[in-house]
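Inspection log for the structure reproduced underneath, given as C-alpha cells.
The values are calculated or read from the model by the stated rules, or taken from the named source; none is laboratory data. Here the structure is a predicted model, which means the values were calculated and not measured. Here Cβ is always computed from backbone atoms with ideal geometry, including for glycine, and neighbour counts include all displayed protein chains. Just so you know, the surface numbers come from the protein's heavy atoms only, side chains and all, with ligands and any DNA or RNA stripped out. Shrake-Rupley method; radii C 1.70, N 1.55, O 1.52, S 1.80 Å.
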Amino acid sequence: MLTLCFDGLFRSVAAHLTQQTHAGFMCYGWIITRQGLRIAHGHGAFAHSKNASSNIAEYLALIEGLDALLDLGIENELVEVCGDAKSVIDQMCGKALVNAASIKPLYRRAMQLASRLPNIQWSWTPRKHNRPADSLSRRALRQMRLNHGSYQAALEMIINDPSWSDRLLPVMDLRLYNAGRMLN
C-alpha cells in the first residue's frame, strides 16, 4: 500500500501593495510512502492576484501529489490519501459539496486524477500527524522568500500584470523520486 500525505498553506500579500483582498502565495507539500519508506516528495508554490486561499493551497497540494502518483505509474495499487484539511477530504469522499466557484475547477481536476487511481481511500488526519507534509509546504515558503529575485518578480506580476488576474502563477515546483524504493 502507498500513502500520499499532502498539505497546503496560504500567505497573503500585504494589503498596502495591492487593491485585491485575496492576493497571495499558496505553497504546498506532499509525500508518497510505501510501508513507511519515502519514495517521493515534492513542494512548490503558486501565486494569485485575487483568489488565493488556504483551501486552494490544500487542493493544489492534493493535485500535485496525485499527479506524482500517476507519474510513478501507480494504477492498481491501494493508495491511502491523507490530509489535515477536513473540508477537502470530505469533498473528495462525497460527504460535502463544493460550493465555492474558485474551488470547483480544482475539485474537478483532483477528481479527474483520482479517478485514474481506482484503489484509493481518503483519510483525514490531525495536523499533528501530518507534520512531514506540513514541513514541506513551509519549506516551499522559505525557499520562495529566500530567492528574492523570483519572489519579487512573482509579486510584481500578480500585483501589476492583468494577464495573471484569472490564472495561477507557478512560482516553484520541486519533485524528488527515490527510484530504489519505488519497486515493490
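Taking only segment 144-166 into account, find how many residues are loosely packed, with under 12 Cβ neighbours inside 10 Å and assigned to a loop (DSSP other than H, G, I, E, B).
Qualifying residue count for the region: 2.
Sort through SER123, SER137 and tell me the only one that's within 21 Å of PHE10 (Cα to Cα) and either of a type in the set (Lys, Arg) or in contact with a helix residue (DSSP H, G or I) (Cβ under 8 Å, 6 or more places away or on another chain) (or both).
Unique residue meeting the criteria: SER137.
Which one of the conditions (1) of a type outside the set (Lys, Arg); (2) within 25 Å of LYS50 (Cα to Cα); (3) exposed (fewer than 13 other Cβ atoms within 10 Å of the Cβ) does LEU141 fail to meet, given that it meets all the rest?
For LEU141, the exception is condition (3).
Here is a list of conditions, (1) under 20 Å from the mean Cα position of the chain (by Cα); (2) open to solvent by 80 Å² or more (accessible area, probe 1.4 Å); (3) more than 29 Å from VAL13 (Cα to Cα), and CYS93 meets all of them except one; can you say which number that is?
The single condition CYS93 does not satisfy is (2).
Looking at ARG127, ARG167, can you tell me which residue is under 28 Å from LEU2 (Cα atoms) and of a type in the set (Lys, Arg)?
Of the residues listed, the single one that is under 28 Å from LEU2 (Cα atoms) and of a type in the set (Lys, Arg) is ARG127.
Would you say ARG38 is open to solvent by 30 Å² or more (accessible area, probe 1.4 Å), at pLDDT 90 or above and of a type in the set (D, E, K, R)?
It is true that ARG38 is open to solvent by 30 Å² or more (accessible area, probe 1.4 Å), at pLDDT 90 or above and of a type in the set (D, E, K, R).
Answer yes or no as to whether SER135 is in a loop (DSSP other than H, G, I, E, B), touching a residue at least 12 places away in the same chain (Cβ under 8 Å) and of a type in the set (Ser, Thr, Tyr).
no
Any residue in segment 52-69 that is within 21 Å of ILE120 (Cα to Cα) and open to solvent by 10 Å² or more (accessible area, probe 1.4 Å) sitting within a Cβ distance under 9 Å of a residue that is among the acidic types (Asp, Glu) and at pLDDT 95 or above? List the pairs, counting only those 6 or more apart or interchain.
GLU58/ASP7; GLU58/ASP84
For the structure I just gave you, tell me whether ALA133 is at pLDDT below 95 and either more than 18 Å from ALA23 (Cα to Cα) or out of contact with any Asp or Glu (no Cβ under 7 Å at 6 or more places or on another chain) (or both).
Spelling it out, it is not the case that ALA133 is at pLDDT below 95 and either more than 18 Å from ALA23 (Cα to Cα) or out of contact with any Asp or Glu (no Cβ under 7 Å at 6 or more places or on another chain) (or both).
Give segment 97-119 a look and list any residue that's open to solvent by less than 40 Å² (accessible area, probe 1.4 Å) and over 16 Å from GLY65 (Cα atoms), or say none.
Scanning segment 97-119 gives VAL98, ILE103.
Can you tell me which condition ASP173 does not meet? The list is (1) in a helix (DSSP H, G or I); (2) in contact (Cβ under 8 Å) with a residue 24 or more places away in the chain, and all the others hold.
Here ASP173 meets the rest and fails (1).
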